[in-house]
1. Go through the residues of the stretch 288-299 one by one and say whether even a single one is open to solvent by less than 50 Å² (accessible area, probe 1.4 Å), away from the ligand (no atom under 15 Å from the Cβ) and among the basic types (Lys, Arg).
2. How many of the residues in the stretch 119-146 are touching a Lys or Arg at 6+ places or on another chain (Cβ under 9 Å), touching a residue at least 40 places away in the same chain (Cβ under 8 Å) and in a helix (DSSP H, G or I)?
3. So which of Thr142, Thr187 is at pLDDT 95 or above, under 16 Å from Thr299 (Cβ atoms) and within 13 Å of the ligand (Cβ to nearest atom)?
4. So, restricting to strands (runs of 3 or more DSSP E) that lie completely within the stretch 19-118, which ones have at least 2 residues that are within 28 Å of Val219 (Cα to Cα) and within 16 Å of the ligand (Cβ to nearest atom)?
5. Residues that are under 21 Å from Gly194 (Cβ atoms) and in contact with a Phe, Trp or Tyr (Cβ under 8 Å, 6 or more places away or on another chain): does the stretch 68-85 have at least one?
6. Among (1) of a type in the set (Gly, Ala, Ser); (2) open to solvent by 30 Å² or more (accessible area, probe 1.4 Å); (3) under 15 Å from Ile9 (Cα atoms), where does Gly370 come up short?
7. Scanning for something buried (at least 24 other Cβ atoms within 10 Å of the Cβ), within 16 Å of the ligand (Cβ to nearest atom) and assigned by TED's automatic domain parsing to the domain that holds Ala73, does the stretch 208-215 turn up at least one residue?
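The values are calculated or read from the model by the stated rules, or taken from the named source; none is laboratory data. All of these numbers come straight from a predicted model, not from anything done at the bench. Cβ placement follows ideal geometry from the backbone for every residue including glycine, while neighbour counts extend to all protein chains displayed. Quick note on the areas: whole protein, heavy atoms, side chains included, nothing else; ligands and nucleic acids left out. Shrake-Rupley method; radii C 1.70, N 1.55, O 1.52, S 1.80 Å.
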Amino acid sequence: MNSRKLLMIPGPIEFKNEVLQSMAIPTPSHIDPDFIAVFANSLKLLKDICQCPSGQGFIVAGTGTLAMDMAAANLVEVGDKVLVVSTGYFGLRYAEILKRYGADVDILESEVGHIVPIDDVEKQLKSNNYKILAFTHVDTSTAVLNDARSIGALGKKYKVLTILDGVCSVAGEEIKQEEWGIDVVVTASQKAVGVPPGLALLVASPNAIKTFENRKSPVSNYYSDWTNWLPIMQAYENRQASYFGTPPVNLIIALEKSLDLILKEGLEHRFDRHKRAGKAMREAIKALGLELLTKNAETVANTLTAPLYPKNMDAKAFLQVVGDNGIVLAGGLLPELKDNYFRIGHMGSINKTDLLATVGAIETALKRNGYQHELGIGTAQVIKHF
Ligand SMILES: *Cc1c(COP(=O)(O)O)cnc(C)c1O
């Protein structure tokens, strides 16, 4: 590939060389004692990242959507009342997944670029006997950050299982799964976790596992069924060989490496670095005179930014020039606003060089497409804030 382009999209992201090199080895057997130790450690580190010591980790070949699917398949029984608090694209996807397993789904939808006010969530929980509440932590379609702590508290108060879609937040935004009372965190390898695509990751609370164990009906998805996977995860944790489906050995080796690097950086430092990157990018965008899709500074994500195009900007031409300048950005994801905004991912190993190059490419593309601004006014904000 004619590369040296910087991948600044909300996944896959730029991966660290150490992570990529760790997996470039002849594939060991999935029951090799050394690999069993890697798997066991990865399960432990995953719980550390989610700050959920009492949780049960799952590492399975698949994508974030499979992790979402797995939580739904194992926790939903036909007729269960489920509330989806949706802030955009992936909230609506979760509603579809939950319906597949027979859930009776209500959707509380936010205005575009906003969260659903927490009082509205509480009112809805009061009005119905929900078994599960699912929500997106960082909404990848709008760059909205949900108040996971408050939603977790409501889940506890109303005895509702909470599922947090953390595909675009885990290892980038603060999550204290256990303290906040979140029952299931689902994520994937290719975003802030920093490993090439291919791993569905999930941490379930004891309460979620108990709900699964008390099911009256069998899980209607064979591959996702925890009846198959739980003994495998527990076997690896106990350093024993086991098999249900061949684990993606090299990816799990890379996962251990990345999780280890994340914890060595320190979660607090890492979240702070993401906050500074998010702030720098938003300030740069604003200095250029562009608006953000996410209106409220208190509920804005730090793993990505979603700017609106200036009037009359040709989205395709803009992204083309950005690409010619060595940066890959993502277009809009909300179907109704697709050509009105673009998305910049800044998570994982993101540094100042990446941010400067990205804002530089954006400035160039704006200028080339007829937008008037003082060159360098955006990049100055990166220097100032990061
Ligand atoms: C990317 C993403 C997904 C889907 O993950 P895949 O790995 O593409 O299946 C789900 N939810 C959120 C919030 C995401 O950002």
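1. no
2. Selection size over the stretch 119-146: 1.
3. Thr142
4. 56-61, 81-86
5. yes
6. All conditions pass for Gly370, except number (3).
7. No, the conditions are met nowhere in the stretch 208-215.
For every residue, the table says whether it meets (1) open to solvent by 10 Å² or more (accessible area, probe 1.4 Å); (2) acidic (Asp, Glu); (3) within 20 Å of Pro12 (Cα to Cα).
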site	(1), (2), (3)
Pro53	yes, no, no
Phe58	no, no, no
Ala61	yes, no, yes
Ala73	no, no, no
Lys81	yes, no, no
Tyr89	yes, no, yes
Gly102	yes, no, no
